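Structure first, then comments.
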Amino acid sequence: MERAGFFRRCVAFLVDGFAITILSVLVGTAILFASDGSNDAKEFIASKNYNLVNLALFCLYYLCEACLSGSPGKKLVGLSIRSADGTKATFGQLLFRLVIKFPFLGASFVMIVGGGLLIVPLSLGIKVPGSIVAAGMTVTFALFTALLLLSAVSWLGCFLALSSSRRALHDRITNTAVYFGSEEPEDFREVYSAKMLARPRSRATTELIFH
């Protein structure tokens, strides 16, 4: 199987971005329609809180990449994610690749959880020592900054797909690659068959295989 190059992967990324934008618009329209165009709904969509909806859409959309070995955009342009040797990648491998590819999702999660742990007790009237609040804000900010820096590294690492191996940084870390098509390569079937034949079996089973 042939590996996909940088520019074909860029096309898939643009398709995914367009699809996510359309989904965001459709969800916003549905909220307005369900609320009969109330001012509260309009203010919600215009506020920063709607970014949480967009974040949720982004996460659910790209979760397809881990479940289907490729995002909808990749599938549309005929690409699939596999192990570096062309064999089928595991779900854990694909999920880890997704986390490495989008560290800013972790940064957003840290801000949401960290902010919630600080705001919720205060909103309930629970007194929290200033030292704990300060420590919590420091840890949250440090994690957020670190993940943003990792996001920059991951983004720059995408240009490694221009190399002869056609593998971005997140591909190299997770031992994956993006290939044209989704069929199983013949060499993998040969290797798999060889491994199966090498396993110890009873004489009857061996005769059945070679029959």
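Each reported figure results from applying straightforward, stated rules to the coordinates on display, with no laboratory input. Predicted model only: the values in this text are computed from it and were never measured. Note that we place each Cβ from the backbone using ideal geometry, even for glycine, and neighbour counts take in every protein chain shown.
If you take the beta carbon distance between S131 and V99 as r and set R0 to 30 Å, what does 1/(1 + (r/R0)^6) give as a FRET efficiency, to the nearest 0.05?
The calculated FRET efficiency here is 0.40.
Taking the beta-carbon count within 10 Å as an exposure proxy, list C59, C158 from fewest neighbours to most.
Fewest-to-most Cβ neighbours within 10 Å comes out as C59, C158.
Please find the FRET efficiency linking N175 to A56, where r is the Cβ-Cβ separation and R0 is fixed at 41 Å, and quote it to the nearest 0.05.
Calculated transfer efficiency: 0.90.
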